[in-house]
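These notes concern the structure reproduced below.
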Amino acid sequence: MTEFAITSGQLMWLCTLIAGLWSVVKIIKEIRKPNDDLKKTVDRHSELLDNDNKRLKEHEESNRMILKCLLVIINHEITGNGIETMKEARDDLQKYLVDK
């Protein structure tokens, strides 16, 4: 029967190898950390920017509808006519408010 013996030198060599590998892994993680943090920050900012762009487009559409209705009212006040135009503007406004 063969015996298996580990010497203290082999044990020290194994511990040194494990510690060295662990140190390399830790250094690689530390080097990559700022890059990973920056990617997370940029992704978050992109998400927030997209949400803000959507909200701005909704506000622009609302403002456009309000200005259209105001223009129809002003034209009606000036000419006294334009009842059909006012009805169309009312219908457009109702569609916009219901679809929103």
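Observations on the model:
- Of everything listed in (1) loosely packed, with under 10 Cβ neighbours inside 10 Å; (2) within 30 Å of Q94 (Cα to Cα), the single unmet condition for P34 is (2).
- Test: residue in the stretch 71-91 that is touching a Gly at 6+ places or on another chain (Cβ under 8 Å), of a type in the set (V, I, T), modelled with pLDDT under 90 and on the phi < 0 side of the Ramachandran plot: yes
- Matching residues in the stretch 41-100 - criterion: being of a type in the set (K, R) and assigned to a helix (DSSP H, G or I): R44, K54, R55, K57, R64, K68, K87, R90, K95
- Residue count for the stretch 80-97 under the criterion of being acidic (D, E) and open to solvent by less than 90 Å² (accessible area, probe 1.4 Å): the result is 2.
- The C-beta contact set for the stretch 53-70 (first residue more than 16 Å from M86 (Cα to Cα), second residue part of a helix (DSSP H, G or I), distance under 9 angstrom, 6+ apart or interchain) comprises E61/Y96; S62/Y96.
The values are calculated or read from the model by the stated rules, or taken from the named source; none is laboratory data. In this text the structure is predicted, and so the values were computed from the model without any measurement. Every residue, glycine among them, receives a Cβ derived from its backbone with ideal geometry; neighbour counts consider all protein chains shown. Areas reflect the complete protein model, heavy atoms only, side chains present, ligands, DNA and RNA absent. Shrake-Rupley method; radii C 1.70, N 1.55, O 1.52, S 1.80 Å.
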